[in-house]
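For reference, the structure is listed below as structure tokens.
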Amino acid sequence: MNRREFITCAARAAAALPVAGKVSRGIAAREELLHTRLAVDPHRPRYHLLPPANWMNDPNGPIFWKGQYHMFYQYNPHGAFWGTMHWGHAASPDLVHWRHLPIALAPTPGGPDKDGCFSGCAVVNRGIPTLVYTGVSPEVQCLATSDDKMIAWTKYSGNPVIAAPPGGPEVAGFRDPCVWSEGGTWYLALGSGYKGAGGQILLYRSNDLIHWDFLHPLCKGRRKEGAAGDEPVASGDMWQCPDFFPLADKHVLLVSTEGSVFCSVGTYTNLWFRPEVQQAADLSDLFYAARTLVDRNGRRILWGWIREGRSEQAQRAAGWSGVLSLPRVVSLGADRKLRITPAPELEALRGKHHRFANLNVGPESENLLKGVQGDSLEVAAEFASAGGEECGLRVRCAPDGSEQTVISYNRAEGRLRVDREKSSRSSEAQRTSQEGALELAADEPLKLRVFLDGSVVEVFANDRACLTTRIYPVRADSSGVGLFARGASVKLRALDAWEMRPISKDRLTT
Ligand code: DQQ
């Protein structure tokens, strides 16, 4: 689907709303203008998946089907702000290059999704591709089906298929279904929670995806110790976007709450899930609503929504907001924690290569690495375990250092950190550091893989921790890469950097 077709499609989707004609013509004209601007926007990623314009949030219903990876996502065709949620749609043969497809779901006036088609999943039921999603308001669960092409979706005339939450205390939410099949029976995990009691994942069962029985909570959050009355709970009042799947001999539950994605590895027996090991799926609060699929090789692949790190006003002015993370392959380590690595397919985007080896990085090393620069790079670096208390990389550096972002690991504290204090001179951009725990053994080298793409920074450390963030340098020459050490010198064993090829000619990913 080319840019013009996508625009027409967005306008058509908008025409499904009550104020039809004028809105659709308005949208088409406005988007034409926008695209000229977006094509040269330096903050817009060039090898990540995002719609040609406007707002996106959660990945929805990723599924591998007939040789294609399909990705749906929360999309607002009216602008770069959250509202009137539709399902955007893109497909890829290789996990890297994406083709935009027509909007899959739009709210139906007067229907159970009249105020939005919220997050959900995709399954294939007896050969029929089916989307299971939340309609609002109120929050109810709905179905839509298509033929093999997965392009045109028809909503089930009996929607909603789950009309109300089970009785009990006041629910804090009732949405974002995750559906799977076990021995020919369908199960559905639904994001929910009870005010003052904490997040819960509600488990339902069905033979046909239409008639559902509530069983019990698959998993529940815990109250904060000593919490009283309606005080918030430690694990969030509501758990959003559950994703539940087997991994090796364990099961994994991902939930998004309080701005972050939490991952529990545990045991699933007799329809009850018992979490055993917990960790953050990403150390940042700009990574949210993660969902996964299994591909033809049995790989579990995860994406999340990367939120913006700049003001709402700046997002609206830019004309776009939100991007999906790179595909991350998830596996289970011997310690029963997740290992998360960038999909190897991304290596197809590597262009010009630079290599450095055996460098001493001192606290005073100011020099940028010769020849390595850009806003579209992959950098892989390995630092020896001995030496200074903190080391890492400096990226998107201006020659005079007035703009730069420091990605570092502090061994004494066991913390991985991205310091954004000097990332941008714009007052619209966030400046806070982002950080989280990463335990390395005393003799274990630090291995960083960093992906830079416009305003996106994705950091993978020793396959054990991810930290995703956003930066918005304003200087055109904020493009250098350098090394960083604090305390004493550290040995850089090797650094490889690749200039990454864009996945489209402009910044529109079509
Ligand atoms: N986003 C969707 C909801 C979900 C939330 C609405 C998570 O379905 O709970 O856009 O970001």
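If you go through region 341-358 and keep only what is closer than 27 Å to SER385 by Cβ and either crowded, with 17+ Cβ neighbours inside 10 Å or touching a Gly at 6+ places or on another chain (Cβ under 7 Å) (or both), you end up with PRO342, HIS354, PHE356. Considering only residues in region 203-224 that are part of a loop (DSSP other than H, G, I, E, B) and modelled with pLDDT under 95, the one that is surrounded by the most Cβ atoms within 10 Å (Cβ to Cβ) turns out to be GLY221.
This table checks each residue for (1) under 16 Å from LEU338 (Cα atoms); (2) touching a helix residue (DSSP H, G or I) at 6+ places or on another chain (Cβ under 9 Å); (3) more than 12 Å from the ligand (Cβ to nearest atom); (4) open to solvent by 10 Å² or more (accessible area, probe 1.4 Å).
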residue	(1), (2), (3), (4)
ASP237	no, no, yes, yes
LEU253	yes, no, yes, no
GLU258	no, no, no, yes
TRP272	no, no, yes, yes
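Could we say that ASP148 is away from the ligand (no atom under 15 Å from the Cβ), in contact (Cβ under 8 Å) with a residue 60 or more places away in the chain, outside any strand (DSSP E or B) and under 22 Å from ASN207 (Cα atoms) here? Yes. Restricting the search to region 339-368, which residues are part of a strand (DSSP E or B), of a type in the set (S, T, N, Q) and more than 21 Å from the chain's Cα centre (by Cα)? Matches in region 339-368: ASN358, ASN360.
Scanning region 48-62 for residues that are more than 16 Å from the ligand (Cβ to nearest atom) and in contact with a Phe, Trp or Tyr (Cβ under 8 Å, 6 or more places away or on another chain) yields LEU49, PRO52, ALA53. GLU444 passes every criterion in (1) under 30 Å from ARG336 (Cα atoms); (2) open to solvent by 60 Å² or more (accessible area, probe 1.4 Å); (3) more than 20 Å from the chain's Cα centre (by Cα) apart from (2).
Kindly indicate whether any position in region 81-96 is outside any strand (DSSP E or B) and buried (at least 24 other Cβ atoms within 10 Å of the Cβ). Yes, some residue in region 81-96 is outside any strand (DSSP E or B) and buried (at least 24 other Cβ atoms within 10 Å of the Cβ).
Listed by position, the strands (runs of 3 or more DSSP E) inside region 97-145 whose residues that are over 23 Å from the mean Cα position of the chain (by Cα) and away from the ligand (no atom under 15 Å from the Cβ) number at least 3 are 140-145.
Is there a residue being modelled with pLDDT of 70 or more and under 26 Å from LEU338 (Cβ atoms) anywhere in region 225-235? No, region 225-235 contains no residue that is modelled with pLDDT of 70 or more and under 26 Å from LEU338 (Cβ atoms). Give region 295-333 a look and list any residue that's in a loop (DSSP other than H, G, I, E, B) and open to solvent by 20 Å² or more (accessible area, probe 1.4 Å), or say none. Those that are in a loop (DSSP other than H, G, I, E, B) and open to solvent by 20 Å² or more (accessible area, probe 1.4 Å): ARG296, ASN297, GLY298, ARG299, ARG307, SER311. Entry remark, region 164-183: residues being away from the ligand (no atom under 16 Å from the Cβ) and either modelled with pLDDT under 95 or not assigned by TED's automatic domain parsing to the domain that holds ILE63 (or both) number 7 in total.
The values are calculated or read from the model by the stated rules, or taken from the named source; none is laboratory data. Note that the coordinates shown come from a computational prediction; the quantities given were computed from them, not determined experimentally. Ideal geometry is used to build each Cβ from the backbone, glycine not excepted, and the neighbour counts take in all protein chains shown. For accessibility, only protein heavy atoms count, side chains too; no ligands or nucleic acids. Shrake-Rupley method; radii C 1.70, N 1.55, O 1.52, S 1.80 Å.
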